[in-house]
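Colleague: One structure is given below, represented as structure tokens, and several questions about it will come after.
The values are calculated or read from the model by the stated rules, or taken from the named source; none is laboratory data. Remember, predicted model here, so these are calculated numbers, not experimental data. Counting neighbours? That spans all protein chains shown, and the Cβs are built from the backbone with ideal geometry, glycine included.
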Amino acid sequence: MNIRSLRVFLPLALLALMLLTGAVSVVLSLQQQQRHLTEEARLSVLADVSRLVRLTSEGMGSTSSLVAAEVAQIASRPQVHRVLLLDERGTVLNAQRAAWRGRSLKEVAPELVGERLQQATHSRMPQWHMQPDGSRMDAVQSFELPLQNDELRSSRRGLVYVAYDLREQRAAATRSEVQARLPELAGLLAVFLLMAWWLGRHVTQPLARLDAAAKALRASDLSVPVPRGGFLEIDQLAGGLEALRQELSATWHAIPDLLFELDARGRYLRVLAVRPELVVQAPQSLLGRTVHEVMPADAAQAIQQALDDAAVSGAVWGREFALQVPAGQRWFEVSVARKTAPDHGSPTFLLISRDITERKEATVSLQQLNEALEQRVQSRTAELLGAKNEAERANDSKSEFLSRMSHELRTPLNAILGFGQLLELSAQEPKQQRQVGHILSAGKHLLSLINEILDLSRVESGQMTLSLEPVPVAELVEESLALVRPLAESHGIQLAPVPTLPSGSRVRADRTRLRQVLINLLSNGIKYNRQGGALSVHIEVQADTVRLGVQDSGMGLSAEQQARLFTPFERLDADDRQIEGTGIGLALSKRLVDMMGGHIGVDSEPGQGSTFWVQLPRSEDGAVISGAPGDTPGNAPQHPLTAWGSNAHLQHAQAAQRPDCTVLCVEDNELNLQLIDHLLGRQPGIHLLCASEPRQGLRMAHELRPHIILLDINLPEMDGYEVIARLRSDPATATIPVLAVTANAMPGDAARARSAGFASYITKPINVATLLAEVERLRPAAPPAAGL
């Protein structure tokens, strides 16, 4: 029902509220009275059963006159429905009706037959029951039957059953309660009538006066004042309407544009013009006339078309036309909006006309300036395009230089570290082992320097990409501590255990790069620590971030030293203290943390140690993040040669049981060929073939059918990608597995190699264990069908 007037809605709402209140009160009272009646009936029926049981138990017998009189007295009450005394077989011994005596319980009270009868027979306590609708209530209790001739104590039990019919009592109580509440309902009706009169006088009538003032405003009669007074809320509403009237009047007089209200045929209904010199005729003379009567045909047609379009779409903007007015030839821009009439009348249209003559003149001047500017822009664009192309060429040259530098440096390092690892295996004397260790340590230091320089260059050139994911903090810290534990033991540094964190504490970061940052901070904390010092990791989980702190007990840093940190190749006094390092680790760490959306810094005082911290955004992702491939969390990786040497006997035994394998190595560097020869020469059953240029390698592969091919990427005449393409196109070599052994270590090189068909990708300097493991993996498990 749509109630539009408060005069109807408020009284009806008040009446409904009062009726609801009265109804709820009556219902609650009836419920309370019925509960009271139920409780009285329960106590009464239990008392009746108890009296009959007591009489029969005192030796009166179930058929004695005293028991019969008690049964008759109980049955005389109007609510009593049935009174029965039964023996153990369910036969009626005594009842309110003589006709029931001697009959079975099924004939007289079938509702008592069943489980309830058995429970009552075996219990000495009274049991009462009421039907779900509350109309009937009964109670039953067992008693001992008199002794028979041969019994010392009776084992037979009878039952006393009393049933009440409460329907008449409940109906009478309901009628009584309703009749008692009639005066209250009459009083509520009187209060309703008084409240309706009061609301009409103090609420609905003031609102009706406000409605009349609002209608005057809609009719553009701004001279009608808004009545004030009455309740606070109504007075505030009137004050707001009065403020709106004054603001609307001031706004209409402050608008520099022309405002018209027209009907669908273009007839003027209202004119508001602050500048009458822009109106074709006097504003008052336009009322009641159409635009076709007072304007030239083209201007009148433009306005009529705008009205027709607004009738369909609701509003139109930006219609322009020229018009001769008392101020001269002027350009106008009109906007039209449809105005829905009250009470479903015909819609009218509000038209705003703006003088845009100056804008039109400025547009012509701007077009001329644009033409001149366009010529300058084209010239400047050509210059910028040339500069952009030059910058791209410089960037490509830098990438090519980095790639070439990486390749040229890794090639000699391959021989240094490769032969060094072989010497480490064959050296027997401690002095020789130390000398070989110095060679390997220097080579690894140089390789680390190359990797860090390349990483730093890739970060600064924007070529490094990160894969951000939820990373478990405690797990990554434990993994990093395991990796640096051998270094800590060699320096005599005590590593504190990682504090326990709540389950699910994760940061959003690149797992590999974050581990690189942590290992760098932990390594610095060990190398720059005191002899016999300590190193600990503190983890602070905050609302949106997680802060990792690496605290050492070293010499500490001054403010001037802290300002020089995180700068490439800045090592402070590390050279004087003969501490190994490149001076790039902290600079690279800062750039990596910045790329992951975090912060890195240091808190330190001279003589008090230092705390390097990393703060990263906390991740709410609950997914379980597994460790990086090839890593075992919590265990430090073994040295490649140590891992290979520890399993050397097992590998030799396994290789001795496998068939012979022919390996073809295509490599243009003589030292690298010698290294491969020494490495594979230790393996039983492997025959090595060497080719120093690609065409020779293709010919040997086609004729000799090796089982495995080791192929360098950078070869003379043709590179490794062209070589593998030719191998795959030749049916004789299409299935031979090819391993890339190359110094190319730039991003994307490994992915490109795998997509080209390489079975594996091994970078130089060669990791001996990795190379031997790949060769063993690809060796044939059964005797080959062809080959040497």
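Colleague: Got a sec? Which of 463, 531 is in contact with a Pro (Cβ under 7 Å, 6 or more places away or on another chain) and either modelled with pLDDT under 85 or of a type in the set (Gly, Ala, Ser) (or both)?
Modeller: Going through 463, 531 in turn, just one is in contact with a Pro (Cβ under 7 Å, 6 or more places away or on another chain) and either modelled with pLDDT under 85 or of a type in the set (Gly, Ala, Ser) (or both): 463.
Colleague: Looking only at region 168-182, filter to residues that are of a type in the set (D, E, K, R) and surrounded by 14 or more Cβ atoms within 10 Å (Cβ to Cβ); which one of those is nearest to residue 77 (Cα to Cα)?
Modeller: 170
Colleague: Check region 63-81 and report whether any residue there is outside any strand (DSSP E or B), closer than 13 Å to residue 139 by Cα, touching a Gly at 6+ places or on another chain (Cβ under 8 Å) and not charged (D, E, K, R).
Modeller: no
Colleague: For region 485-499, state whether one or more residues are hydroxyl-bearing (Ser, Thr, Tyr) and touching a residue at least 24 places away in the same chain (Cβ under 8 Å).
Modeller: No, region 485-499 contains no residue that is hydroxyl-bearing (Ser, Thr, Tyr) and touching a residue at least 24 places away in the same chain (Cβ under 8 Å).
Colleague: Would it be correct to say that residue 53 is out of contact with any Phe, Trp or Tyr (no Cβ under 6 Å at 6 or more places or on another chain), modelled with pLDDT of 80 or more and either assigned to a helix (DSSP H, G or I) or over 30 Å from residue 204 (Cβ atoms) (or both)?
Modeller: no
Colleague: For region 493-535, enumerate the residues that are of a type in the set (Gly, Ala, Ser), buried (at least 19 other Cβ atoms within 10 Å of the Cβ) and part of a strand (DSSP E or B).
Modeller: 509 - this is the single residue of region 493-535 that is of a type in the set (Gly, Ala, Ser), buried (at least 19 other Cβ atoms within 10 Å of the Cβ) and part of a strand (DSSP E or B).
Colleague: Only one of (1) in contact with a Gly (Cβ under 9 Å, 6 or more places away or on another chain); (2) modelled with pLDDT under 90; (3) buried (at least 16 other Cβ atoms within 10 Å of the Cβ) fails for residue 606. Which number is that?
Modeller: Unmet condition: (3).
Colleague: Need pairs with beta-carbon distance below 6 Å; first residue in the same structural domain as residue 266 (by TED's automatic domain parsing) and within region 304-325, second assigned to a helix (DSSP H, G or I) and acidic (Asp, Glu); sequence gap 6+ or separate chains.
Modeller: From residues that are in the same structural domain as residue 266 (by TED's automatic domain parsing), the pairs are 316/309.
Colleague: Now for a different question. Can you find a residue in region 339-349 that is at pLDDT 85 or above, part of a strand (DSSP E or B) and not charged (D, E, K, R)?
Modeller: Yes, region 339-349 has at least one match.
Colleague: Something else about it: Does any residue in region 164-184 that is assigned by TED's automatic domain parsing to the domain that holds residue 27 come within less than 7 Å, Cβ to Cβ, of a residue that is among the basic types (Lys, Arg) six or more places away or on a different chain, and which pairs are these?
Modeller: 164/136; 165/136; 166/136
Colleague: Sticking with this structure for a sec: In region 236-291, which residue that is part of a strand (DSSP E or B) and among the β-branched types (Val, Ile, Thr) is farthest from the chain's Cα centre (by Cα)?
Modeller: Step by step, filter region 236-291, then rank; the result is 290.
Colleague: Condition check: part of a loop (DSSP other than H, G, I, E, B), touching a residue at least 12 places away in the same chain (Cβ under 8 Å) and buried (at least 19 other Cβ atoms within 10 Å of the Cβ). Does residue 672 satisfy that?
Modeller: In short, no.
Colleague: Quick test of your reading of the structure: residue 338 fulfils all but one of (1) more than 27 Å from residue 359 (Cβ to Cβ); (2) in contact with a Gly (Cβ under 7 Å, 6 or more places away or on another chain). Name the failing condition by number.
Modeller: Residue 338 satisfies every listed condition except (1).
Colleague: In this structure, does residue 107 turn out to be acidic (Asp, Glu) and either crowded, with 17+ Cβ neighbours inside 10 Å or within 20 Å of residue 157 (Cβ to Cβ) (or both)?
Modeller: no
Colleague: Any residue at all in region 552-564 that is modelled with pLDDT under 85 and touching a Leu at 6+ places or on another chain (Cβ under 8 Å)?
Modeller: yes
Colleague: From the residues in region 245-266 that are of a type in the set (Asp, Glu) and surrounded by 12 or more Cβ atoms within 10 Å (Cβ to Cβ), which one is nearest to residue 210 (Cα to Cα)?
Modeller: Looking at residues that are of a type in the set (Asp, Glu) and surrounded by 12 or more Cβ atoms within 10 Å (Cβ to Cβ), I get 261.
Colleague: Against the condition at pLDDT 85 or above, of a type in the set (A, V, I, L, M) and within 30 Å of residue 31 (Cα to Cα), how does residue 72 come out, does it pass?
Modeller: no
Colleague: Also, I was wondering about something else. What pairs can you find where one residue is in region 530-555 and assigned by TED's automatic domain parsing to the domain that holds residue 603, the other is outside any strand (DSSP E or B) and of a type in the set (D, E, K, R), and their Cβ atoms are less than 7 Å apart, with a gap of 6+ or different chains?
Modeller: Short answer, once both residue conditions are applied: 553/530; 554/530.
Colleague: Just one of 157, 124, 136, 103 is at pLDDT 80 or above, of a type in the set (D, E, K, R), in the same structural domain as residue 87 (by TED's automatic domain parsing) and touching a helix residue (DSSP H, G or I) at 6+ places or on another chain (Cβ under 7 Å); which is it?
Modeller: From the options 157, 124, 136, 103, the qualifying one is 157.
Colleague: Further, regarding this structure: Scan region 617-627 and tell me whether some residue there is under 27 Å from the mean Cα position of the chain (by Cα), of a type in the set (Gly, Ala, Ser) and at pLDDT 75 or above.
Modeller: So far as region 617-627 goes, yes, one or more of its residues are under 27 Å from the mean Cα position of the chain (by Cα), of a type in the set (Gly, Ala, Ser) and at pLDDT 75 or above.
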